[in-house]
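The values are calculated or read from the model by the stated rules, or taken from the named source; none is laboratory data. Remember, it's a predicted structure, so these values are computed and weren't measured experimentally. Heads up, the Cβs are rebuilt from the backbone with ideal geometry, glycines too, and the neighbour counts pull from every protein chain shown.
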Amino acid sequence: FANMGQVTKDVFDVENGQVTLQLNVQKAVGTKEIWILDFQEYRFNLDALPVDDLTGTLRMDRTSDCSSVYETAGWNTYFSSTYFDDKTSDDLNKKNLFTSFEKGNMDDDGIMRNDKIIFTGTMDTFFACMDSNDENKIWELTSVTADEIEYRTKLYATNVRPKDPDDATGGVSFVQSHIELIWRISRTALAKFLISSTALIQPILQFARVSTVYDQDNQPVPEQAALHIKFRTVVDDANQTLSYVPGSISYKPKPDVPEHSLDQMVYQPPGGIENAPECDLRLDLGTLTQVQCHQTWEFKVILNVDTSTQVDNRVPVDVSGTFDFLYNTFSCNDTTDIATCQLIDIEPSKISALITIQTTV
């Protein structure tokens, strides 16, 4: 159209699970037009266009539940320059997304007026949006890697005008463009620190990896993360060895993210001295005299991740937690022969691992 504004994105931010989506909608002053914002194309259903070709009626039910069309209206109503007005969430509650309209001021030249269409709410609300057939979610899974999930959606902005302003049955013309919104969830283990409750045992981290969890339909689960930890213990005594206390693993999220939790244990070492990894006896390179017992341990767990603390628009979020593991200590005449080993009657030793996980959306 010769005289037409545009729809642009002012803000798309997600912080602490709360979304702010603000769109600037330019209204051509004195022109019979309406902007329809929807997550499906104007011609999504050729038999049910948002503006009826025969009557000129704007049909709310022919747009998705998250569109900007909040009511059904006659053509001489919604094409009026005064149709767009300030609206609150109560005025827009027949739809599920946009929470306010703000009527703006005209530009200095008097040609365009800059209105605002806004959504403020939870990411869960936004992610639940469906098309007008109520069959498909508007967010499409576009990429999955071991440590990142990516979703995309298109917000279509359609400028609709009557072909004959004085004849509703004369049909309509429209121009359509779209804005692409991208939501990425990445999880990466950044920093790891292991400490032991006794100076006799030295823990050495080998790796901590965070990866995607999938449901039964092989779809990624953003609210969970899989953590694979592998570390080595070094006992500064050639005649002592360790065995894991089964079921002793515990997870404590940082105080500022208490909603994170341990969902399930996928793998942990079996308990008992008979099932413990055999000592790999090595010479201490520091003293060149002391022989040490090296043992390797692996754990795989599923964490419940509080997405309200993770979904932050491309800003790293620290979701660290401390994992504790308990070990019994055995004294042996020969660490390669468990028949010579006796449990030392002391409290189990604790290995603590602080895992810092960075999540970016």
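Applying the criterion of being among the acidic types (Asp, Glu) and under 25 Å from Thr145 (Cβ atoms) to the residues of the range 218-271, the residue that is surrounded by the fewest Cβ atoms within 10 Å (Cβ to Cβ) is Glu223. Just one residue in the set Glu148, Glu135, Glu140 is modelled with pLDDT under 85 and within 30 Å of Leu227 (Cα to Cα); that residue is Glu148.
Quick check, is Lys9 more than 18 Å from Cys129 (Cα to Cα), surrounded by fewer than 19 Cβ atoms within 10 Å (Cβ to Cβ) and either in contact with a Cys (Cβ under 6 Å, 6 or more places away or on another chain) or modelled with pLDDT of 95 or more (or both)? Considered against the rule, which asks whether it is more than 18 Å from Cys129 (Cα to Cα), surrounded by fewer than 19 Cβ atoms within 10 Å (Cβ to Cβ) and either in contact with a Cys (Cβ under 6 Å, 6 or more places away or on another chain) or modelled with pLDDT of 95 or more (or both), Lys9 comes out as no.
One line per residue, one yes/no per condition, for (1) part of a loop (DSSP other than H, G, I, E, B); (2) touching a Gly at 6+ places or on another chain (Cβ under 8 Å):
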| residue | (1), (2) |
| --- | --- |
| Val14 | no, no |
| Val19 | no, yes |
| Leu37 | no, no |
| Arg43 | yes, no |
| Gly56 | yes, yes |
| Asp61 | no, no |
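I need the full set of residues from the range 1-32 which are β-branched (Val, Ile, Thr) and touching a helix residue (DSSP H, G or I) at 6+ places or on another chain (Cβ under 9 Å), in order please. Selection gives Val14, Val19. Selection over the range 233-256 of residues that are closer than 21 Å to Lys300 by Cα and within 34 Å of the chain's Cα centre (by Cα) gives a count of 9. Count, please, the residues in the range 198-244 that happen to be assigned to a loop (DSSP other than H, G, I, E, B) and touching a helix residue (DSSP H, G or I) at 6+ places or on another chain (Cβ under 7 Å). Total satisfying the criteria: 2.
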